[in-house]
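A short reminder: the numbers here are calculations on the coordinates, not readings from a lab. Please read all numbers here as calculations on a predicted model, not as lab measurements. So basically every Cβ, Gly included, is an ideal-geometry build from the backbone, and we count neighbours across all protein chains shown.
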C-alpha cells in the first residue's frame, strides 16, 4: 500500500486521462517507517499489500470453515447475472454457495454449475421473498434483479433482517438511490459496488471523477459502509475515510457481467472469514488481476466475464510469488 | 489494402480455381504514394489495413462506451443460430448484448452464455414482434429466423423503424429476395452478408462469380448499402462502388453457423463505435483469421463455428503484431 | 493396407489374447507390387491407407459441398446418444447436421451444440415419425432409440423410404435382429456398426470371434452391405467379401457413447461426399486414432466419449503427416 | 503402504495440528520383509500401494467388462450433487452410468453429460422409488437426496433389496444416523463416506479426531463395512479393523461437491471390477491426487469439484510412473 504522497490522486482521475501518460512510480528511498506510519487518506493498493491480506488455509480446515454464501440475483431475461456472481463466489473461496432466484432461473444455474445449490423464490420471475438468512455467512444482492415493486419491498426486508454486512450491487444500488434514507439502515460494514452511473444516482447528481471520490468518502463515513466505485482505477472508501486506489484491470473489462463477477468475489471472501475491509480490497485487486491474466488468451474486444472468472485462481496464485 | 492492379480480380474467381494455383503477391516496388492514391475499384484487404482500422481502447472507457447490441435470431429448431451470433457479438467488443428470441429459445441462450441478456418475443417459436429499438446501438437480424408470414411482417416493421444501419443475414436476406422493393428502404449503410445461394436469390438469377461481383457493386451503389458476399475470397462492396477482397479464411469454414458468427462480429464492432465500413471490413478479416487460427487445434473436417468464435480474441490480437 | 499374409488374422482374435503378446509387423521386403496386387481377403488398415482415402477440400467449396446429415437417435432417458452422434458428425465434416428427436430431447441438443438444427418427432419421447428424407445427404439411425413398437414401425418405414445408404447402430441393429428379413431390404451399401453383443443377436447365435468374422463376411456379401464389427480390433466387411482389420483404438474406449461417436463420424464422412467404403473405413480408423490421442490427457479409466470427439480433428490432422 | 510404526498416528490428528509441522518420513532402513509382515493396524497409504492396486485393462475388454453403475442422488435445489457423482463415476472407469433422479433433475444431467443415461423417479423432486436393481454392478446413494419421509423409506427399501455392496454418502448417512439399527442390515462390504459432521451424527456424539478413528474402527468391525472418514488425512477403516490413512489432498478441497466426487469415484471402481477394499482405498488416493493436480491451474480459493473431476485421469496416470 503506497500512501498517495508517493503518487498523486490526480493521475488517476478520468478527467485528465488525455493529458497524463503512463504513470510509473519511482522509488525515492523514503524510509519504510515513514511510509507505514504516514496516515495517508489515499493509498495505491498494489500486489504486495494484497498478498499480505491473503490468508493461508490451515490443513485441517473443511468446507464449513469457509462458510455458506447466499447470492440473490437475476430476474426474467437477466438470469446470467446470478450465475456469474455465484460462480465467481465459489471460485473465490466460499465453502458452499446457494443462489436464491425465481423458479424460471433455477435451471440455468443447475445446468451450468453443479457445485451450486439453488433456492427458489416464491416468484417465478424475480426476487420477492427472503430465504432463512440465519444459514448464511455472507450475502450479496443485486445483479440482474430489476426494480419491480415487489423486489424493492424484498430488498427493504433484507436490509432490515440481515445481521451481517451485505454486498449490494447493480439494481440493489439503483433501488437504494431511489430510497436514500435506507442507506442509514444498512448493516454496518456493508459493501456497495457502484459503477459511475450507479454512483451518480446514489450521489443524487452527476459528478466529476474528483467530486465522486469526495462524495464516496462522505457516504462511507456517514453510513459506516465500504464503497467500491468501479472504473479504470477503482476506488474503495472505508468507513474511517481512507481510500484505496486499485492498481489492476484493463479496458477489456468494459463488458457485460464484469461487475457481477466482482460482487461474487467479495462475497466469496466474506464467506471464508475475511473481514469486510479485506474482502473488498482483496476482491478489487484479484478481480482486476484476473482480468489482466485473462487477456493473455484474449483481446480487449473478446474478453468476457467468464474468462475473468476462470482466471480467479491464477490471480490468487500470482500473490504467492509477490516478495 | 492493395489496389487490384497488384493482383488480379481473376485470380479470386471460383470459376477458374482449377487452373489457378496459389497466388503470391510480389513486391514490384511501386511507390507507396502511387498505391495509396490510385483509386482502385478492387482492393485486396490484408492484415496491415485491418490493423490500421482496429481502434485502441481508452483507459477510462466503460461498458457503456462499447454499446448495446441487439441480436434478432433463431426460430423453432434453429435456436443455435441466435446463440452463435450473440456469442460472436459479445466476443467482438460489444459492451452489452441482448438476444431477442421466441420464448422457446430463451433457455438455450441463458444456459450457454450468462453474459447475455434475453428479450422474449411475444411468439413462443419465432420472430414476430419488435423490442424497443431505441435502447440499442447496433442491430442484426436473420440467423435462423425462418420465413413465416409473421416474421416477414416483423422484418418489414424493423426496416421501417430502425434509425441505425442494420446487419441482415440468412433468412432476412431470403425475405428481402422475395420483397426486392424493400432494398430501397433499408437504413443507409446497412450491411448484407449473403452466401452465394442467398445472393443469387437477391440478384434474381444464378450468376457466375464474376457476374455476382458486378451485381453486388450495382446493388450496393443503388441502395447505399454494404454487401459482404461470403465465399473462399469474400468480397465486400461499398455504397461508393469500391470492393474489398478478403485475404483470410479456409475451407474448414464450410460448416454450419460460420455465417451467424460473422454477423455477430460485424454487430459487435458496430456497437462499439466502428463505422459500418470499418465494422464490415474488419469483421470480414477477423472472421477469416479466427477460422485460420482455430485450425491449429482442429482439421478442416472438424472445425465448427464455436471453435472460430473462441479464436476471435486471438484474431484481434494477431493484428497487434502487424508492422 | 497390408494384406493379411503379412500379419495373421489369428493374432487379432480375442480368443487367443492371453497367449499372444504385442504384434509387431516386420518389413520382410516384399515387393510393393506384390502387396498391392495380392487379392487378400483380410487387410490390416493402417495410417498410410487412411491418409490416402482422406480428401483435400477445394478452396471454393462451401457448406453445401459437404452435405446435410440427419441423425435419428435418442429416447426418454437416453438423449445423450443423439447428441454424441450429432456432435461427432459435425466434427467429421458434414456441412449441416439436423438431429431428429422427440420433443423432450430437443432442448438438450440446443443447449449443448448451437451448430445443430433440431427436428422434432411427433412423439415427445421417442422415434415414431420420419422427417422429409429428401433434404439429407446422409442418414444414421439407432443410438439410444429404444425398441418400442412405434419405433420399430418408424425404422421399417425409414428402410423402405431411404434412397441413400443408411448407417444403422445400436437399437436399430437390435430391431433388425428381431426382424432378420429386413436385412435384404436395406439400401445398397448401408453400413451396420454392431458391437459383439449386437452382432450375436444379428447372427442369431453367440459365436466365437473367428466365427463372427466369417458370419460378418457372409451377411455383408449376401445383403450388399458394410458391417463394422466393433472391438479391440474392429473388422469391417465389404459387400465383395473383403475385410479390413483396424489398427487404432485402446481399452479406454470401453465406455458409454463411444459407439454413438463412431456412427456420427461415418455419417459426417458420408454427408461430405465420401463413398460408403471410404466413410466406413476412414471413420473406423479416425475413431480409434481420436481415442488414442485423447488418452494423452486422460487415462483408460477416465476417458469418455466427449474426449474422443474433441480429438477427431487431431486424428484427421495426424493423417497429414503420414508419408 | 507404510505401517504406522514408521510414522505416528498422532501426527495425523487434527487436534494437534498447531504443534506439528510438516511430516517427513525418513527411511531408517527397516527390512522390507519386516514392513510387509508387520500386522499394523494403521497404515499410511501412499502412491506405491495405490499403483499396485490399479488394474491393467485387457485389450479385448469392452464396456460390459466395466459394469453399469447406478447413482441415486439429487433433490429439489441440489441436483448438481447427482451430476458430480455421476460424472466422477464415469471418469473413474464405469462402462455405463445411469443416474436415478426426480424428473425435475433429469434435464440437468442430460444437458451436462451426454454419456449418462437417466432414470426418472416417480417423484418429480426427490428420491422415492427404486429402479430395477438387477441391472447394476455398483450402486451409490446419498448426494443431495435430502431427508424427506419418502426418501427415508426409499433408502430403507434400497438397503433391503440390494444384493451388492452399497456406497452411502451425505444425506444417506444422515438418515442412517437417525436410524442406527439399519447399520446391521447394510449389504456386507458396503462403503460409508462421512465427513466429520456426518460421522458425529453416525457415532451419536461429537468426538475428538482420535476418538472418531477408534469409533470408526468399531463400527466397521461390528457391521462388516468400510468407513471412509473424510478430512485432511482421510482414514479408511476395514471390516477387519485395519485402517488406512490417506496421503493425498489439500485444503483447496474444502469446497462444495468434493464429497460427491469421491462417492462417484468409488462407485466407478466398484462397477469396473474392483473389490470394495480396493475401490475405497484407490478412490481415496485418486480423489486427493486429482485435487492436488487440479491445483496446478487453480488456487486453494478457486478450486471447485469440477476441476478435481477433470483431473481424475491425470491422477490415475500419475500411478503409471510410480516405481
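May I ask you to report, in nm to one decimal and beginning with the shortest, the distances from residue A:197 to the same position in the other copies, taking label points 7 Å along Cα-to-Cβ?
So the label point of residue A:197 gives 4.0, 4.0, 5.7 nm to the other copies.
Considering all projection directions equally, how large on average is the shadow of the alpha-carbon convex hull of the stretch C:70-136, in square nanometres?
3.9
Inter-copy label distances at residue B:180, 7 Å along the Cα→beta-carbon direction, one decimal in nm, shortest first?
Nearest to farthest, the other copies are at 6.3, 6.3, 8.9 nm.
Taking the convex hull of the Cα atoms, report for the stretch B:96-228 its projected area averaged over all directions, in nm².
Computing the convex hull of the Cα atoms and averaging its projections yields 8.0 nm².
Averaged across C:74-86, how many Cβ atoms of other chains sit within 10 Å of each residue's Cβ atom? Don't skip to the end; give the middle numbers.
Details: counts 2, 0, 4, 10, 6, 9, 10, 3, 1, 5, 2, 1, 1.
Averaged over the peptide's residues, the number is 4.
Enumerate the whole-percent occupancy of each 10 Å bin, from 0 to the last occupied one, for all C-alpha pair distances of the stretch C:167-323.
11, 42, 34, 12, 1
How many nm separate the modelled label positions at residue A:133 and residue C:40, each set 7 Å beyond the Cα in the direction of the Cβ?
In this crude spin-label approximation the distance works out to 7.8 nm.
What FRET efficiency would be calculated for the residue pair residue D:47, residue D:200, taking the C-beta separation as r and a Förster radius of 30 Å, to the nearest 0.05?
Efficiency, from the Cβ-Cβ distance: 0.45.
Report the antiparallel proportion of the DSSP beta bridges in chain B as a percent, rounded to a multiple of 5.
Counting DSSP beta bridges with both partners in chain B, the antiparallel share is about 25 percent.
At q = 0.05, 0.06, 0.08 Å⁻¹, what is the base-10 log of I(q)/I(0) for the protein assembly as shown according to the Debye formula with one equal point scatterer per Cα and no solvent? Please give it to two decimals.
-0.38, -0.55, -1.00
Across 10 Å bins from the origin, how do the percents of Cα pairs in the stretch A:273-323 run, short distances first?
Percent of pairs per bin, in order: 27, 48, 22, 3.
Just want to confirm a number: the relative contact order over the stretch D:200-239, from Cα pairs under 8 angstrom separated by 6+ residues, in percent.
For the stretch D:200-239, the relative contact order is 31 percent.
Going by alpha carbons, how many degrees (0 to 90, nearest 10) lie between the helix axis of C:149-161 and the longest principal axis of chain C?
70
Express as a percent, rounded to the nearest 5, the fraction of DSSP beta bridges in the protein assembly as shown (both residues included) that run antiparallel.
Roughly 25 percent of the beta bridges in the protein assembly as shown run antiparallel, per DSSP.
No solvent, one uniform scatterer per C-alpha: report log10 I(q)/I(0) for the stretch C:183-227 via the Debye equation at q = 0.31 1/Å, two decimals.
-1.21
Which of C:194, C:131, C:165 moves most in a GNM of chain C, Cα contacts under 10 Å?
Maximum among the listed residues: C:131.
Is the stretch B:36-116 rounded, prolate or oblate when judged by the Cα gyration tensor, a ≥ b ≥ c being the square roots of its eigenvalues, rounded requiring a/c under 1.5 and prolate requiring a/b larger than b/c?
oblate
For the stretch D:172-270, what proportion of DSSP beta bridges, expressed in % and rounded to the nearest 5, is antiparallel?
Here the antiparallel bridges make up roughly 75 percent for the stretch D:172-270.
Angle between the Cα long axis of helix D:79-90 and the longest principal axis of chain D, 0 to 90 degrees, nearest 10?
Helix D:79-90 sits at roughly 60 degrees to that axis.
Is the shape of chain D rounded, prolate or oblate, going by the alpha carbon gyration tensor and its root eigenvalues a ≥ b ≥ c, with a/c under 1.5 for rounded and a/b larger than b/c for prolate? Mind dumping the intermediate values first?
On the way: a/c = 1.60, a/b = 1.37, b/c = 1.17.
Prolate, because a/c is 1.5 or more and a/b exceeds b/c.
Could you work out how far apart the two model spin labels at residue D:184 and residue D:275 are, taking each label as a point 7 Å from the Cα in the direction of the beta carbon, and quote it in nm?
With each label point 7 Å from Cα toward Cβ, the separation is 2.7 nm.
Compute the separation of the alpha-carbon centres of the stretch D:103-142 and the stretch D:265-297 and state it in Å as a whole number.
Between the Cα centre of the stretch D:103-142 and that of the stretch D:265-297, the gap is 22 Å.
In A, who owns the beta-carbon nearest the axis carrying A over to C, and how many Å from it?
Checking which Cβ lies nearest the axis yields A:111, 3.
Say each of residue B:147 and residue B:124 gets a label point 7 Å from the Cα, pointing the same way as Cα to Cβ; how far apart are those two points in nm?
Here the answer is 2.6 nm between the modelled labels.
Between copies, how far does the label point of residue C:275 sit from its twins, in nm, shortest first, when each point is 7 Å from Cα along Cα→Cβ?
5.6, 5.6, 7.9
Using the 10 angstrom Cβ neighbour count as an exposure proxy, how do B:238, B:210 rank, fewest first?
B:210, B:238
Please determine, in degrees from 0 to 90 and to the nearest 10, the orientation of helix C:276-294 with respect to the longest principal axis defined by the Cα atoms of chain C, where the helix direction is its Cα long axis.
On a 0 to 90 degree scale, this one is about 80.
As an exercise, use a Förster radius of 60 Å and the Cβ-Cβ distance of residue A:321 and residue C:240 to find the FRET efficiency, rounded to the nearest 0.05.
0.35
Expressed as cubic angstrom per residue, what is the convex hull volume of the alpha carbon set of the stretch C:141-183?
Values: hull volume 2.6 nm³, N = 43.
Dividing the Cα hull volume of the stretch C:141-183 by its residue count gives 60 Å³.
Of D:244, B:262, how do they rank once you tally other Cβ atoms within 10 Å and put the fewest first?
Numbers: D:244 24, B:262 32.
So the residues, fewest neighbours to most, are D:244, B:262.
Apply the a/c threshold of 1.5 to the C-alpha gyration tensor of the stretch A:238-323 and tell me whether it is rounded, prolate or oblate.
Prolate.
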